[in-house]
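Shown next, in structure tokens, is the structure this report addresses.
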DNA sequence: TTGCTTATGAACGATTATGATTGATTGTGG
DNA sequence: CCACAATCAATCATAATCGTTCATAAGCAA
């Protein structure tokens, strides 16, 4: 039985019965326990299911909200991949800043059981972080209705209360010459301040942001490590001279 | 049977019958008493049910639901009446502080078209305020998971950025001698600070809070005008000596 | 063929869920 | 009030499941 066939079979069975047991899959597919286990791990990484002790269940069954599996997010798969890699950079006990945004949002499921302190300026992120049982501080300040991000002088001064080990920023464009940019100057200011309070800064972006230039400049390339899902050879060459680039291949 | 399956089964049964006995669960699931007991402990911990001697029951309506029309809030009618009156005290252009809580939450629908600036420390309130198109500031700080209220030193210092015309506080008890009280000292500190930054302070409470004393004192009675839905003659007499009381009759 | 990557299965110690046992606690019926 | 039965929390040993590692097998390009 081919790997893809097995994956499809597992998902179909899961859809029918809501839950599957590993032993049950071993018997019906004829594959070894190790293989089934690997399948489940893979499928969990792409958020197709959620593992539990002894088997797997449909995701979002117990706690999660729809927003996390919201398929309307562009480049969701890529963002999840980026987020998973980013999460691997976090140490136990770190204090981290999570920028408001859809990419940083995907980091949250990977933060479980990590003993962290998280600070964010994103309203949507607070709730999700809370469901994961993570100690969460919100910066507060003026709320931007459309995006649920907190911005402005109060947000900035609230940030001064904290220091971060790591800071994860979502960005709208990166360019060798113009650096990291985003449409809203208010948000740019928040990102700037958060970064300046962190030991390390990571900019998360999918490939569609390459060589894009938005209105407000956040910082030069060398002030943050860039994490992207994919990038052309030439573009990469131009970037490598300026900063560290981590490409998270599929 | 998978752990999650058992949990789901228990909750489904509980939803149907309102109560479940441990012995009944042992027989129908085939699991041992120890396991069922552990299940109930887990589910109680995540507030899905409430344990009683010999089994479990549906949890009381302790949780604050974000929905305005949610009838599960105790004394909803009364709270709405209180909220409506409270809203009549607001002037065009006022800056107001809205405490986290179910009573203050009911104020929000009455704030439409009032040209206000609202500051709150309640997560659930921000979203509702935003839907009404009201300029909203959140204090930020550490989030209290169960209630969605922000508390702690960061919240307090964030408050210092603002000045209010009016401050609306939810309280858990009022008493002629012991003043206004609430269970959580952290929340009490926030209410205290908010009040001290306001020209006028109003304490909102339904009749069940009369002569109740909670753990943490917020302030003496005379520091705020009390708004209640109904109150006994004798109690009112005792209060009138200390502060202004507004009774919002049906 | 060789060299390389990928998928698989088996084996290991570590982790987690479970079931039985104990003695303490609580409710019930005299 | 007491005695008895049911229920409880805590503990322990066992069984199931877990992630990891390693060796083998299969696919594929040079």
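The values are calculated or read from the model by the stated rules, or taken from the named source; none is laboratory data. None of the values given here were measured: they were computed from a predicted structure. Every residue, glycine among them, receives a Cβ derived from its backbone with ideal geometry; neighbour counts consider all protein chains shown.
Quick notes
- Residues in the stretch B:155-173 that are within 9 Å of another protein chain (Cβ to nearest Cβ) and either in contact with a strand residue (DSSP E or B) (Cβ under 6 Å, 6 or more places away or on another chain) or in a helix (DSSP H, G or I) (or both): B:155, B:157, B:158, B:162.
Yes/no matrix, rows are residues, columns are (1) modelled with pLDDT of 95 or more; (2) more than 13 Å from the chain's Cα centre (by Cα); (3) within 14 Å of chain A (Cβ to nearest Cβ):
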residue: B:122; (1), (2), (3): no, no, yes
residue: B:128; (1), (2), (3): no, yes, yes
residue: B:140; (1), (2), (3): no, yes, yes
residue: B:144; (1), (2), (3): no, no, yes
residue: B:153; (1), (2), (3): no, yes, yes
residue: B:175; (1), (2), (3): no, yes, no
residue: B:204; (1), (2), (3): yes, no, no
residue: B:210; (1), (2), (3): no, yes, no
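- Annotation note: Cβ proximity below 6 Å between a residue of the stretch B:15-34 that is touching a residue at least 24 places away in the same chain (Cβ under 8 Å) and a residue that is in a helix (DSSP H, G or I) and more than 9 Å from DNA strand D (Cβ to nearest atom) (sequence gap 6+ or interchain) occurs for B:20/B:13; B:20/B:14; B:29/B:6.
- Looking only at the stretch B:39-58, and only at residues there that are out of contact with any helix residue (DSSP H, G or I) (no Cβ under 9 Å at 6 or more places or on another chain) and within 12 Å of DNA strand C (Cβ to nearest atom), the one that is nearest to residue B:147 (Cα to Cα): B:41
- Residue count for the stretch A:176-209 under the criterion of being touching a strand residue (DSSP E or B) at 6+ places or on another chain (Cβ under 7 Å) and not in a loop (DSSP other than H, G, I, E, B): the result is 22.
- Each residue in the stretch B:1-25 was checked for being more than 20 Å from residue A:14 (Cα to Cα) and either within 14 Å of chain A (Cβ to nearest Cβ) or near DNA strand C (Cβ under 9 Å from one of its atoms) (or both), and 2 pass.
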